[in-house]
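Handing you this structure, nothing more for now.
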Amino acid sequence: MIEIALKVTIALIALAVVLNVYRLIRGPDATDRVLALDTLYINAIALILLLDIQLDTRLYLESALLIAVMGFIGTVALAKYLKRGSVIE
Amino acid sequence: MSLALVVMLPFMGAVIAPQFAQAGRTAIAIASSVPSLVALMTLFPYWERLAGGNAVIQHVEWLPQIGLSLSFRLDGLALLFALLILVIGILIILYARYYLKKHENVGKFYSLLLLFQGAMLGIVLSNNLLLMLVFWELTSVVSFLLISFWNHKQDARRGARMALAITGGGGLALMAGVLLIGQIVGSYELEVVLAAGDQIRAHALYPITLALILVGAFTKSAQFPFHFWLPHAMQAPTPVSAYLHSATMVKAGIFLMARLYPALAGTEQWFYMVSFTGMITLLIGAYVAMFKHDLKGLLAHSTVSHLGLITLLFGMGTKLAAVAAVFHVVNHATFKASLFMAAGIIDHETGTRDMRRINGLWRYMPHTATLAMVAAASMAGVPLLNGFISKEMFFAEALELNLPGIWAYLPPLVATLAGIFAVAYSARFIHDVFFNGQPKNLPVFPPHEPPRYMKIPVEILVFACLAVGMFPAFSVGPLLFIAASATLGGEVPDYTLAVAHGFNLPLLMSFAAFSGGLVMYSQRQRFFDFHERFKEIDEKAVFESVVTWVGNLSERVTNKLENGSLQRYALLLFLTAFTVTLWPLTELGFSIGSNELSPVDYPSALGALVLIGAAIGTVVMHRQRLTSLILLSVVGLLVAVAFATFSAPDLALTQLSVEVVTIILLVLSLFYLPAQTPVETTAFTRWRDVGIALAAGIGMTLVTLALLTRPFSSISEFFLENSKPGGGGTNVVNVILVDFRGFDTLGEITVLAIAALGIYSMMKYTKLQAPATDRLGNPWSKDPHPTMLMQISRPLLPLALMVSVFIFLRGHNLPGGGFIAGLITAVALISQYIASGVDWSEQRVKTPYQIVVALGVAIATLTGVGSYAFGYPFLTSWFTYASLPVIGKFELATAMIFDLGVYLTVVGATLLALTSLGKLSDPSTKVSASHNEGGV
């Protein structure tokens, strides 16, 4: 049961990734692209967690944790750049 | 180790003596002569043993792996040279006391002089050829500093540079020669090398070895065609010329020939190379000396000529000639040093060295004149003076030389001709300077005798000339005998040191030289006119133009390779890699190995497709800087996920943290850059680069494929096995970083620290104008620190720090470690800078990041040094297990302290770089609205 669920979930997340990339390339605005990147980070977390479940290991949990903790700071920096130009002031 | 002490004494003096500079010139002169006096006393007790024909060797291992040892040797030859260096050294120190003016930097002068003395003693007392080489190079460097002592004069600087280039270059040749000897003999110890003469001479590499060593000796001893540096080195203060360019440094090359005489001499190659070089030098030096109007110029060329004479004697290859050579070393040092000192006195008292202006000084300084005339007479080879005796021996040897056929006349002819020149220039020195009418508009008039003590060194040396000249057997007989026996390596031929050997052919040659020389001097105007017809080559100009040419050439080559364009570097790098790899790859036949390929799963394939797409997108969109940056982040993220998928969690963690820092860094710089990159390339270069990129990429894929599909064993097995027992941790990557390869890591964090400090110091005073609007021309938002962002980022800080501590602590056993933890902390702190601003953050983080960086490197280094305290080599790690209630059993390792150093360096360096970039914008151009501190 879990195997089928895993496969379906992975397929769905993969689809989400493709859609992210589409938005990222299409744009049209820089904000769209930043948003797409941020969503891609979220999807990467999901993919890594699913991988852990599939391989029955806990080795990659930290990678997911790190994306969660740090990924959004990249987004913040990009957003601040778009809004204010100067990121650190 | 009393011999090592003798060598070390002047070096210690070089440190201590300058402390007396404030107390006046007399005090520092006395302090500077102490090392020489103590050294002389140390050497004195050895006389008995040396007189018995034994050598004293004192040996301490230093780097036995490369054959370098602290091994010193005192035999007759070394003693003779050491006495010259020490005794003349004391006299020079006394002389310089009166020569230097009060306002000059006497501390520097005496310090350098003592350094030089130590280096010279090192050369003559070394028993290890490599050790000798070290001292040899030291004399080149110190002589450079001494010649350019008056470094405000351009001529002095140029002369010094020339001397350094020539002698330093010769030093390189000598090094090659010494290494070859070491290869042939298997040892650098002199006693082994000297005993292996036959083996060296029979070896196939003998000619090249000999040539290299002779180039070293010839450059140092100013032999043709390297002789030109010596006259230009006369820009040095006169005590330096008297010491370096008459008695010591230029004799180092002679010493080398004498020292290696048993090992290298006695072959045809030796004979032709050494004797002909000597002969040419002898003639050229003596000839040019006649036409020099500069007092020191005359002496310098005369020195070149006498050095040629000694070289010629060594080249002749007979034992008697070698004895005469050693003898002439002593004689030349005494009369030439005293002549230089006399020239210095004259320069000092008249303000010029031009012999066309200095005339008739006899009336003004009879005492100095007498001394100088005796010394000059010795230089000319007048009987009853030491120069005469060795010159007679030289004439006799020149007659003995049996060259085939008509060539047999060459050596006696050259010898007599050089003798004529020598008499002529000596006569000029005496007659022009002390007689020949009245002085002509001297800068200082009237000249008078120098201070009493300034003449004492000259008197002592002139006395030595007389003593040796009249009672040779009594005064230098024993010393010469042991020196000759050490040079020849045993047997000394029968020779008698006597004032006269009766009426024979050499005496006749002397007569010829005298009458010829005097005639030549009386007819000098004709010779001057004859000489004037030839355009004189200015060696300095030639040398400078050669140096400039070489400099320009290397600059052009460098500019071709390193033109500041990253594209160019990448192009060269990839082309080289492609070319180098192509050949072995074609040999492999582009085949895939025997290992089975792993099955493709759809998520991975999709990831790969997205990765490729994002990479291509980055390239295609590269003119839209922001878009390509976002696409680049996608690449980074997917690479991190790929690392995770293919079982490299450490890499995944590192890649993710680096990724975030990269985005912040690039966004920070994007602010100051135009949003669009202008087109700077042609379509052709772009497609060429596409081709190269494709070739390199496909090549890399093929290499990886070929490698991974073949069974191969790697070093990983070793690390996997030893990680736990050897380093105490199960995370192999981390154990390698902080333990097995800790030294590497230490180097890397040091580089990181240097780079961060470099960024900091470059950016500190740089202010850039911030763009007034965003890339679409819209005004910037007026809110620098949005409340929402602030409120969310603050609680995140402790959370992120906790993750960082967690990653740090588990690093030794599970994925993580100081580097990743450092990046997490840095990113967490940077988020506060972004959200709440620099002022807010710096109020709370009081320690400057420069200190954090320094602290990190210091902790890591001290961890390494700490292992010395327990008697282990640098960076040996230690670990144990401890257990605490609640937490349970855990590991304690010194590697963790080291990792803490890594952590601090990474935190400090990242923050220093990012905040430096953040502070770039000129505050006056910034859009500053109400400083919103938001409901804190």
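Please work out which one of (1) under 30 Å from B:Leu582 (Cβ atoms); (2) without any contact (Cβ under 8 Å) to a residue 60 or more places away in the chain is the condition B:Ser723 fails and give its number.
For B:Ser723, the failing item is (1).
Of all residues in region B:710-743, how many are of a type in the set (Asp, Glu) and outside the structural domain of B:Ile897 (by the TED database)?
Qualifying residue count for the region: 2.
Failed condition for B:Gln438, given (1) under 40 Å from the mean Cα position of the chain (by Cα); (2) not basic (Lys, Arg); (3) not in a helix (DSSP H, G or I), with all others met?
(1)
Any idea which of B:Ile456, B:Ile460, B:Ile406, B:Ile482 is surrounded by 22 or more Cβ atoms within 10 Å (Cβ to Cβ), in the same structural domain as B:Pro506 (by the TED database) and at negative phi?
B:Ile482
Here is a further query. Only one of (1) within 14 Å of another protein chain (Cβ to nearest Cβ); (2) buried (at least 19 other Cβ atoms within 10 Å of the Cβ); (3) of a type in the set (Gly, Ala, Ser) is not met by B:Ser647, so which one is it?
Unmet condition: (2).
For region B:705-743, how many residues meet the condition of being part of a loop (DSSP other than H, G, I, E, B) and not β-branched (Val, Ile, Thr)?
So the answer is 9.
Here's another thing I want to ask about it. For region B:234-278, enumerate the residues that are surrounded by fewer than 24 Cβ atoms within 10 Å (Cβ to Cβ) and charged (D, E, K, R).
If the condition is that a residue be surrounded by fewer than 24 Cβ atoms within 10 Å (Cβ to Cβ) and charged (D, E, K, R), then B:Glu268 is the only one that fits.
Here is a follow-up. Restricting region B:762-820 to residues that are hydroxyl-bearing (Ser, Thr, Tyr) and farther than 30 Å from B:Gly727 by Cα, which is farthest from the other protein chains (Cβ to nearest Cβ)?
Within region B:762-820, the match that is farthest from the other protein chains (Cβ to nearest Cβ) is B:Tyr765.
Please list, ordered by first then second residue, the pairs with beta carbon atoms under 8 Å, 6 or more apart or interchain, first in region A:1-18 and farther than 14 Å from B:Val641 by Cβ and facing another protein chain (nearest Cβ under 9 Å), second surrounded by 15 or more Cβ atoms within 10 Å (Cβ to Cβ) and not small (Gly, Ala, Ser).
A:Val18/B:Leu606; A:Val18/B:Val610
Only one of B:Leu83, B:Leu115 is in contact (Cβ under 8 Å) with a residue 60 or more places away in the chain, under 20 Å from the mean Cα position of the chain (by Cα) and either assigned to a helix (DSSP H, G or I) or in the same structural domain as B:Gly168 (by the TED database) (or both). Can you tell me which?
The match here is B:Leu115.
Restrict the check to region B:925-934 and report whether at least one residue is modelled with pLDDT under 70, within 14 Å of chain A (Cβ to nearest Cβ), assigned to a helix (DSSP H, G or I) and more than 30 Å from B:Phe740 (Cα to Cα).
yes
Does region B:510-556 hold any residues that are outside any helix (DSSP H, G or I) and charged (D, E, K, R), and which are they?
Going through region B:510-556, the residues outside any helix (DSSP H, G or I) turn out to be B:523, B:533-538.
If the condition is that a residue be outside any helix (DSSP H, G or I) and charged (D, E, K, R), then B:Arg533, B:Lys535, B:Glu536, B:Asp538 are the ones that fit.
Is it true that some residue in region B:135-142 is crowded, with 24+ Cβ neighbours inside 10 Å, assigned by the TED database to the domain that holds B:Ser32, modelled with pLDDT of 90 or more and touching an Asp or Glu at 6+ places or on another chain (Cβ under 8 Å)?
Looking through region B:135-142, none of the residues is crowded, with 24+ Cβ neighbours inside 10 Å, assigned by the TED database to the domain that holds B:Ser32, modelled with pLDDT of 90 or more and touching an Asp or Glu at 6+ places or on another chain (Cβ under 8 Å).
List the helices (runs of 4 or more DSSP H) that sit entirely inside region B:252-368 and contain at least 3 residues that are aromatic (Phe, Trp, Tyr).
B:319-350
When B:Pro231 is evaluated against the numbered criteria (1) part of a helix (DSSP H, G or I); (2) under 30 Å from B:His348 (Cβ atoms); (3) in contact with a Leu (Cβ under 8 Å, 6 or more places away or on another chain), which criterion, by number, is the only one it fails?
Unmet for B:Pro231, out of (1) part of a helix (DSSP H, G or I); (2) under 30 Å from B:His348 (Cβ atoms); (3) in contact with a Leu (Cβ under 8 Å, 6 or more places away or on another chain): (3).
Across region A:36-70, what is the number of residues that are facing chain B (nearest Cβ under 7 Å) and in a helix (DSSP H, G or I)?
14
I've got another one for you. Against the definition (without any contact (Cβ under 8 Å) to a residue 24 or more places away in the chain, within 13 Å of chain A (Cβ to nearest Cβ) and either under 27 Å from B:Gly908 (Cβ atoms) or not β-branched (Val, Ile, Thr) (or both)), how does B:Phe671 come out, yes or no? Steps first, please.
Numbers: without any contact (Cβ under 8 Å) to a residue 24 or more places away in the chain: no; within 13 Å of chain A (Cβ to nearest Cβ): yes; either under 27 Å from B:Gly908 (Cβ atoms) or not β-branched (Val, Ile, Thr) (or both): yes.
Taking the combined requirement at face value, the residue does not satisfy it.
The values are calculated or read from the model by the stated rules, or taken from the named source; none is laboratory data. Remember, it's a predicted structure, so these values are computed and weren't measured experimentally. Using ideal geometry, Cβ is built from the backbone for each residue, glycine included, and neighbour counts are taken over all protein chains shown.
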